[in-house]
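The values are calculated or read from the model by the stated rules, or taken from the named source; none is laboratory data. If you're wondering where the values come from, they're calculated on a predicted model, not measured in any experiment. Every residue, glycine among them, receives a Cβ derived from its backbone with ideal geometry; neighbour counts consider all protein chains shown.
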């Protein structure tokens, strides 16, 4: 499956029925991060949960998707140029790269364009330090 670089957020939710419609609740944190806004229209994709045992999914695909989540799109010691999009709860800058993957960069502000060195990588987030600030 190919995932667009325009991906704004990824979260898990349960589809519920309300007043004759089906509803997916979007976590508040997705609005707080500033990527999505009320009253805007977005494309939505639904994927089975990793623990799903759907008979429509081939056995080999089911097993591999359950045991190996996608690899982070960055590696430790990698050098990247990023734009800081917003500020996290601790005051650190937040940049997003492929698939909406978050890189936390201390001592930056929204709008900063910085060259960073990735210092730590986790499944859902990476940490980096500024090695150069670009003039905008």
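Structure data summary
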| item | result |
| --- | --- |
| When residues of the stretch 8-38 are limited to those that are surrounded by 10 or more Cβ atoms within 10 Å (Cβ to Cβ) and touching a helix residue (DSSP H, G or I) at 6+ places or on another chain (Cβ under 9 Å), the one modelled with the lowest pLDDT | 35 |
| Residue 89 being closer than 30 Å to residue 134 by Cβ, within 16 Å of the chain's Cα centre (by Cα), surrounded by fewer than 10 Cβ atoms within 10 Å (Cβ to Cβ) and modelled with pLDDT of 65 or more | no |
| Matching option when the condition is modelled with pLDDT of 95 or more and surrounded by 18 or more Cβ atoms within 10 Å (Cβ to Cβ), among 130, 114 | 114 |
| Yes/no for residue 43 being surrounded by 12 or more Cβ atoms within 10 Å (Cβ to Cβ) and either outside any helix (DSSP H, G or I) or at pLDDT below 50 (or both) | no |
| Members of the stretch 107-123 found to be without any contact (Cβ under 8 Å) to a residue 40 or more places away in the chain and in contact with a strand residue (DSSP E or B) (Cβ under 7 Å, 6 or more places away or on another chain), listed by number | 107, 108, 109, 110, 112, 113, 114, 115, 116 |
